[in-house]
Structures are given as C-alpha cells and as structure tokens.
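The values are calculated or read from the model by the stated rules, or taken from the named source; none is laboratory data. This is a predicted model, so every value here is computed, not measured. In this analysis, Cβ positions are derived from the backbone assuming ideal geometry, glycine residues included, and neighbour counts consider all displayed protein chains.
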Amino acid sequence: MYTSSKLTIPMRLICLLLFFKITTLFAQTKGATPASIGIVGDTADVTVPTQTGFVLGGGSTDVKEALQWMIDRAKGGDVVIIRASGSTGYNDFIYGLGGVNSVETLLINNRELAMNPAVGQRIKQAELLFIAGGDQGNYVKFWQDTPVEEAINYLIHVKKAPIGGTSAGCAILGEVGFVALNDGINSEEALTNPFHPKMTLLNGGFIDIPILKNTITDTHYSNRSRHGRHLAFLARMARDWDMKAKGIGVDEKTSVCIDEKGIARVFGSQAAYFIMANKKKPERCESGQKLTWNRGGKAVKVCKIPATLTGEGRFDLNTWKLPKGQTWTYWSANEGTITE
C-alpha cells in the first residue's frame, strides 16, 4: 500500500511537539516569574481598579471572612502570595473562595530572587497581595532594599491594592517591627531584659503603611502569652525613639481589617488588642535590667475588641479614641512582671 510521506511525521517533530506541550504545561503550573511555584486560574494578567485595605492576621487558621474582605477590594483581579518558605497551599484555598482571576505563589527565599526585576514586576501586577507566615527575619534579610520591597510599597502608595499578612507576614506590616533576626523572644525574656540579644526591632525602612505609623503588631497573641513582650516592645519604642508608641495584638483565628478610612474591623473567633502608651516613658528600661514601666499602674492603655464573623467590632486608627461601649484597661510592668 502506498503511504504518502506527507502523512508520516518524523520522530524528531513528535519529540519537539511533546517538548513544547510539556514546557507549556510547566509554564502554566509554575508561572512566568522566576520565583513562582504555582498558579491557579487564568494565567493572563488582568488590570482592574482596586480599593485600599490592610489585613493583620493573628496566625493559625486563616479567617475566610477577612480574605473575602480583601477579595472584594481586589475587584476580580490577580492574587499574589509571597513567602520565603512553604508551598502553594493558599492557591486553591483562596481561588476556591471565588471572585479572583488567579492566585499565584512566589517563593522568594534568597536575595538573588528578590533582586530579580521580574519578581518585583509580578508583585506590582497583583490586585491583592498576601504575605504568608514563616520567619519574618528571612523576610527582612531577603526582601529589604530590593525590588520586592519597592513593589510592595508601590501597591500601597500608587496602586492602592489590598495587602495582608498572617503571623510573620503580619509582623512586618507596622512601621516598627519585631523582626526576629536572632530568633523569637518570649514575654519573660523581654520583660527580664528589654535589651536581650533576641530583641531585634526595626524602625522603618521596610514596608510603609501610613495608618500603622508608630505602631508595632504582634500575633498568636493570647495563645502564646505575648502581652508581656509587646509591652516591652512599646517600652523600647518610647525610650529609644521617643514615640507615643502604639501596638496591635491579634489572637489566632482572628484578623484585623483596616479600610481606606483607617477604620479597623475585627473578624474571626477571638480578639484583637489596641494598645497605646501614656505620655511618660518607662521608669527603667535598660540593658540587663528588669523592665519597670508602672506610672501608677497605667503605663499603657488597652482596648480589647472581640472578634465576630461579621466584623462588628471596630476601632478608629486615626484617633485611637475609645469606641462607644468599650472601656480602657491598663497594663504596666514592675521589676519584670506584667500587671494587666
């Protein structure tokens, strides 16, 4: 039987076609960005208007209602997750909530990747940016003074896209951050010596969210008894930088959502704490000595806002005035012991 050579596909061409198909699938799975480890949804970039918003996640189980709050502000755009460790768990989870074009995870786990302009450009294309948990020390070491930092601040100041983070991703969102460059620190260590080698604080020069000026966040709050270390952070801010220091502590399974007007809503199942130093500095905040910041038992004033699934509890970050129906409580420290 006669067989036309036009119908016979050379093996080399078959191999080329298979190679093209495999590399195309690989690109769709990994994305075009060097740091990409996975993408779901439409791989084509979309550009839509966005609405400012910030989410402070307390860690552990993510609050779906807070993520949905961000998605509503992303207006059907693309979501980018950034992290320095871990995998693509957020991709299917967030995409499954609906209302977004795609979700992509970038694993930016060294400065070489962070310095790559393509990585910064991909972040700039996001309509929603979420910073996963992990080790905030790595976020500072890898991302500070790179296109990644520049891209995050572009989203905040120019594009005005919603940005959030949980656990370590939340710890770097305040103007002042506990950046854990020498490991984490517990409350006892911080109160016993507020200049402990583990007490690594960064004042500015990284992520710039204006409504969080003079503010330090903390997470896993009541669950890991972090009230004491947060008080020590505020004491250092008041002593070292003459700040009227403020703090936002977020429990696990809880998120604080801050809108474009600076109004914070508390979603989830536990609580958030809004803490502000009174005018006077600590009586004693010195290296190697136990913290004393008493001021008549009123060193800092604290407003605890219970979380709900509908975010009913609110706090105005413009004025830091007490919401109606709430009362201030006070925390202080004497010889390294906190009183609440």
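Could you say which residue among Arg236, Arg229 is touching a Cys at 6+ places or on another chain (Cβ under 9 Å), touching a residue at least 40 places away in the same chain (Cβ under 8 Å) and basic (Lys, Arg)?
Working: Arg229 fails: touching a Cys at 6+ places or on another chain (Cβ under 9 Å).
One residue alone meets the criteria, Arg236.
Might you check whether a residue that is without any contact (Cβ under 8 Å) to a residue 12 or more places away in the chain and not assigned by TED's automatic domain parsing to the domain that holds Asp62 occurs anywhere in segment 189-199? Don't jump to the end; show me each part of the working.
Here is the first cut: in segment 189-199, the residues without any contact (Cβ under 8 Å) to a residue 12 or more places away in the chain are 196.
Remaining after also requiring not assigned by TED's automatic domain parsing to the domain that holds Asp62: 196.
Looking for residues that are without any contact (Cβ under 8 Å) to a residue 12 or more places away in the chain and not assigned by TED's automatic domain parsing to the domain that holds Asp62, one finds at least one in segment 189-199, hence yes.
The condition of being under 30 Å from Val48 (Cβ atoms) and of a type in the set (D, E, K, R) holds for only one of Lys160, Lys198, that being Lys160.
Looking only at residues in segment 249-263 that are in contact with a strand residue (DSSP E or B) (Cβ under 8 Å, 6 or more places away or on another chain) and surrounded by fewer than 23 Cβ atoms within 10 Å (Cβ to Cβ), which one is nearest to Ala190 (Cα to Cα)? The extreme case among them is Lys253. Identify all residues within segment 200-210 that are of a type in the set (A, V, I, L, M, F, W, C) and either more than 16 Å from Leu234 (Cβ to Cβ) or free of Cβ contacts under 8 Å to residues at least 12 places away in the same chain (or both); write none if there are none. The answer is Phe206, Ile207, Ile209. Counting the residues of segment 135-158 that are surrounded by 23 or more Cβ atoms within 10 Å (Cβ to Cβ) and among the hydroxyl-bearing types (Ser, Thr, Tyr) gives 1.
Just to check your reading of the model, which residue among Ala132, Ala161 is buried (at least 17 other Cβ atoms within 10 Å of the Cβ), modelled with pLDDT of 95 or more and more than 13 Å from the chain's Cα centre (by Cα)?
The conditions single out Ala161.
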